[in-house]
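Inspection log for the structure reproduced underneath, given as structure tokens.
The values are calculated or read from the model by the stated rules, or taken from the named source; none is laboratory data. From a predicted model like this one, the values you see are computed outputs, not experimental measurements. A quick note on method: Cβ atoms are made from the backbone with ideal geometry, for glycine too, and the neighbour counts reach across all protein chains shown.
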Amino acid sequence: MAEVLVLVDHVDGQVKKVTTELLTAARRIGEPAAVWVGEGAESGKATLAEFGAEKVYVAPAEVNDYVVAPKAELLTKLAQDKGAAAILVSATAENKEIAGRTAVKLGSGVLTDVVDVTAELVTEHSIFGGATVTHARVRTGVPIVAVRPNSVVPEAAAGAAAEEAVSVDISDAAKGAKVVERVVQEKGARPELTEAAIVVSGGRGVGSDDFTVVENLADSLGAAVGASRAVVDSGWYPNQFQVGQTGKTVSPNLYVALGISGAIQHRAGMQTSKNILAVNKDPEAPIFELADFGVVGDLHTVAPQLTEEINKRK
């Protein structure tokens, strides 16, 4: 069975959820082989094994000293040496650039923002805010597929995760942009938006940049905070918390939408959530078409009551 290379997303040795999704998808196609760039491979091996990685290729530390080009050269070499059936990466801005560069080097096709992939390497894409579903397939070379986070349900399946050190001769051209400093972003007590089991998002109905009502409910639930595009465009909340077609895609067990109308752009980023609770003053708001539970009312009245009741039951 041919190998399917999976570029691992990790932070300080902790494997991100999207990698478990990629490994799940890779098992449909062939034998998953994780590609680890950076420190902490030993810490992440258990998770990789849990989700089916048969091999873990550990790249030399030098690859991580530069921006994207050396990673593309690494994936190109591995694909050629191992006869890979496909290469899977997460559809982040950096990884999509890596995918494009790798495709050029291999003379292959690249597919981005994929939401599903079959054993025959036919990919599914959700476009126009989820209004249309299309399918595509790479016709030449090793298919390179960038999968949108939170699109594939991760399923555990034990793998050997046999570690193998790999080397790559980084070209002078690939060393043109070097990382000279890394700054650790301060993290609060809340979980990361794309990794969270519960997300509480606020929309235009919040009414101002005072997001306390949203944050208090999120904290009572141990949830991440999200925001609609209207909120971000208004400067009420930082753009890294935007949920939607042009923001982040989330698929938590519970998604709480406070004062969000449910425009198609927003729905594209959260419609795969397992349970959706919506609070909106407008009974005709499109979000109610999607919601499992809906409350017609003022979020500034409903959310504090909900927060109080949850805190009582802790």
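Restricted to region 268-299, and to residues that are out of contact with any strand residue (DSSP E or B) (no Cβ under 9 Å at 6 or more places or on another chain) and more than 24 Å from residue 194 (Cβ to Cβ), which residue is surrounded by the fewest Cβ atoms within 10 Å (Cβ to Cβ)? Looking at residues that are out of contact with any strand residue (DSSP E or B) (no Cβ under 9 Å at 6 or more places or on another chain) and more than 24 Å from residue 194 (Cβ to Cβ), I get 284. Residues of region 256-280 that are assigned to a loop (DSSP other than H, G, I, E, B) and in contact with a helix residue (DSSP H, G or I) (Cβ under 7 Å, 6 or more places away or on another chain): 259, 260, 261, 262, 271. Scanning region 66-107 for residues that are in a helix (DSSP H, G or I), hydrophobic (A, V, I, L, M, F, W, C) and either in contact with a helix residue (DSSP H, G or I) (Cβ under 9 Å, 6 or more places away or on another chain) or modelled with pLDDT of 95 or more (or both) yields 69, 72, 74, 75, 78, 79, 98, 99, 103, 104, 106. Taking the criterion of being exposed (fewer than 10 other Cβ atoms within 10 Å of the Cβ), more than 27 Å from residue 56 (Cβ to Cβ) and not β-branched (Val, Ile, Thr), the residues of region 162-218 that qualify are 172, 173, 181, 186, 188, 189, 208. Of the residues making up region 109-127, just one is out of contact with any strand residue (DSSP E or B) (no Cβ under 9 Å at 6 or more places or on another chain) and either free of Cβ contacts under 8 Å to residues at least 40 places away in the same chain or in the same structural domain as residue 290 (by TED's automatic domain parsing) (or both), namely 120. Residues in region 143-153 that are modelled with pLDDT under 95 and crowded, with 18+ Cβ neighbours inside 10 Å: 148, 149, 150, 151, 152.
Filtered by the rule that a residue be at pLDDT 95 or above and within 22 Å of the chain's Cα centre (by Cα), region 190-214 gives 198, 199, 200, 201, 202, 203.
Residue 251 passes every criterion in (1) part of a loop (DSSP other than H, G, I, E, B); (2) without any contact (Cβ under 8 Å) to a residue 60 or more places away in the chain apart from (2). Reported count of residues in region 233-246, each being in contact with a strand residue (DSSP E or B) (Cβ under 8 Å, 6 or more places away or on another chain) and crowded, with 20+ Cβ neighbours inside 10 Å, is 4.
When residues in region 8-31 are screened for being of a type outside the set (Ser, Thr, Tyr) and surrounded by fewer than 23 Cβ atoms within 10 Å (Cβ to Cβ), 13 of them pass. Among the numbered conditions (1) assigned by TED's automatic domain parsing to the domain that holds residue 42; (2) at pLDDT below 95; (3) not β-branched (Val, Ile, Thr), the only one that residue 186 does not meet is (1). Which one is surrounded by the most Cβ atoms within 10 Å (Cβ to Cβ) among residues in region 52-104 that are among the basic types (Lys, Arg) and more than 14 Å from residue 145 (Cα to Cα)? Result: 71.
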